[in-house]
Amino acid sequence: MIITTSKPFSEILSNIKSYKRIFVVGCAACAAKCQTGGEEQVKNMIEELKKENKEVTGFIVLDTPCDMRIVKKDLAKLPEVKRSEALLVLACGGGVQAIEKIVDKPLLPALDPVFVGSIERIGVYNEFCSICGQCIIDSTGGICPVARCAKSLMNGPCGGAVNGKCEVDPELDCAWVLIYNKLNKINKKENIFKVFMEPRKHSKPKKLDNSRKL
Ligand code: SF4
Ligand code: SF4
């Protein structure tokens, strides 16, 4: 899921200062799970906007704002959207840009997307995957060296770990120690000597001049 944090309200206020009538959009998927863009956060945002003498024309929490079909179906034709000068969007950049494709109004993001992460508990998120496009974690016990090794080393550790902790950030476990321990636990320890990752194909997936499209 896309992990997001809320922008400081002062930044949001500065971005919306030239608009009076605001429509607020939330996200019932990732942003709701992160408690940055669900119904409760949208309602809190509306209260804050009212205190600043903004007129809130309406709000909606879309199931998945990053899905243009949902945006078309549930948002685009709302009269409150048409009446608004701008939309404040509590969703990731994918959501904001899906709305941009459908709605011709100024769009103001209220969140900062941080990474694709796995939730441990609210407020504790792990970046386990960097979406490299060539997943190899079948060889590494399900633990990703691209995302979880500070140097993204693909063929074993750098040798700098101390007591299982990474030399770059001693707060974090060394990914390769985790990989070794996991392979040991699942009786695949011999894999560690077999793993040899070919140089990555940086042409795949192809990065086009603008955004990627699969
Ligand atoms: S190798 Fe790592 S970064 Fe690449 S897709 Fe798999 S988990 Fe994600
Ligand atoms: S100590 Fe481990 S996680 Fe840190 S950079 Fe070296 S191999 Fe990667």
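The values are calculated or read from the model by the stated rules, or taken from the named source; none is laboratory data. Model, not experiment: these values are computed from the prediction. Note that we place each Cβ from the backbone using ideal geometry, even for glycine, and neighbour counts take in every protein chain shown. In case anyone asks, the SASA skips ligands and DNA or RNA and just uses the protein heavy atoms, side chains included. Shrake-Rupley method; radii C 1.70, N 1.55, O 1.52, S 1.80 Å.
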Would you confirm, using the coordinates I've provided, whether Val25 is part of a strand (DSSP E or B) and in contact with a Pro (Cβ under 7 Å, 6 or more places away or on another chain)? yes
Within the range 120-148, which residues are more than 6 Å from ligand 1 (Cβ to nearest atom), touching a Cys at 6+ places or on another chain (Cβ under 8 Å) and of a type in the set (Ser, Thr, Tyr)? Tyr125
Scope the range 47-63; condition under 20 Å from Ala32 (Cα atoms) and out of contact with any strand residue (DSSP E or B) (no Cβ under 7 Å at 6 or more places or on another chain); matching residues: Glu47, Glu48, Asp63
Test result for Ala175, under 23 Å from the mean Cα position of the chain (by Cα), modelled with pLDDT of 95 or more, within 13 Å of ligand 2 (Cβ to nearest atom) and at negative phi: yes
Quick check: is even one residue across the range 45-59 touching an Asp or Glu at 6+ places or on another chain (Cβ under 6 Å) and either loosely packed, with under 13 Cβ neighbours inside 10 Å or at pLDDT 95 or above (or both)? yes
Odd one out for Val146 among (1) modelled with pLDDT of 95 or more; (2) open to solvent by less than 50 Å² (accessible area, probe 1.4 Å): (1)
Is it the case, given these coordinates, that Val103 is surrounded by 14 or more Cβ atoms within 10 Å (Cβ to Cβ) and touching a residue at least 60 places away in the same chain (Cβ under 8 Å)? no
Residue in the range 133-140 that is more than 21 Å from Gly26 (Cα to Cα), surrounded by 15 or more Cβ atoms within 10 Å (Cβ to Cβ), in contact (Cβ under 8 Å) with a residue 12 or more places away in the chain and not small (Gly, Ala, Ser) present: yes
